[in-house]
Amino acid sequence: METVDMTAWEPAVLDGGPADGMRVEVAGRPRVVQVTYPCRVEGEPSGVRVEGVHLYRRAHDGDGGGGPVRYGFDVASP
């Protein structure tokens, strides 16, 4: 079983979708990064919030090239 150093942060960039070009740092090169965006809600009950969810999947061609880890927008995800 491979162990991953979850304390080592490295740069990543998101390609496509609502967070296109956003630069973040990830630990352990997760396969999927989730981006949420708040939605406006009318007459919401106290404490309730609604967020849009967008998924970005790690691009295999972006691993190990010396640059940031790349994540592409997954248009098929819910």
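The values are calculated or read from the model by the stated rules, or taken from the named source; none is laboratory data. Quick caveat, the model's predicted, so the values are computed rather than measured. Surface accessibility is based on the protein's heavy atoms, side chains included, excluding ligands, DNA and RNA. Shrake-Rupley method; radii C 1.70, N 1.55, O 1.52, S 1.80 Å.
Work out how far the C-alpha atoms of segment 14-78 reach from end to end along every principal axis, then list the three figures in whole Å, largest first.
Dimensions of segment 14-78 along the principal axes of its Cα atoms: 49, 23, 17 Å.
Got a sec? What order do H54, H60 fall in by accessible area at 1.4 Å, biggest, i.e. largest, first? Don't skip to the end; give the middle numbers.
On the way: H54 50, H60 150 Å².
From most exposed to least exposed: H60, H54.
I'd like the accessible area for V33: 1.4 Å probe, protein heavy atoms, all chains in place, Å² to the nearest 10.
Rounded to the nearest 10, that gives 30 Å².
Using a 1.4 Å probe, how large is the accessible area of E51, given in Å² and rounded to the nearest 10?
Counting only protein heavy atoms, E51 exposes about 70 Å² to solvent.
When all protein chains stay in place, what accessible area (Å², nearest 10, 1.4 Å probe) is found for T36?
Accessible area of T36: about 60 Å².
What ranking of D74, D20, D15 comes out by heavy-atom accessible area, probe 1.4 Å, highest first?
On the way: D74 30, D20 105, D15 50 Å².
Result, largest first: D20, D15, D74.
Keeping all protein chains in place and using 1.4 angstrom, which order do L55, L14 fall into by accessible surface area, from largest down? It would help to have the intermediate numbers written out before the result.
On the way: L55 30, L14 0 Å².
Putting L55, L14 in descending order of accessible area: L55, L14.
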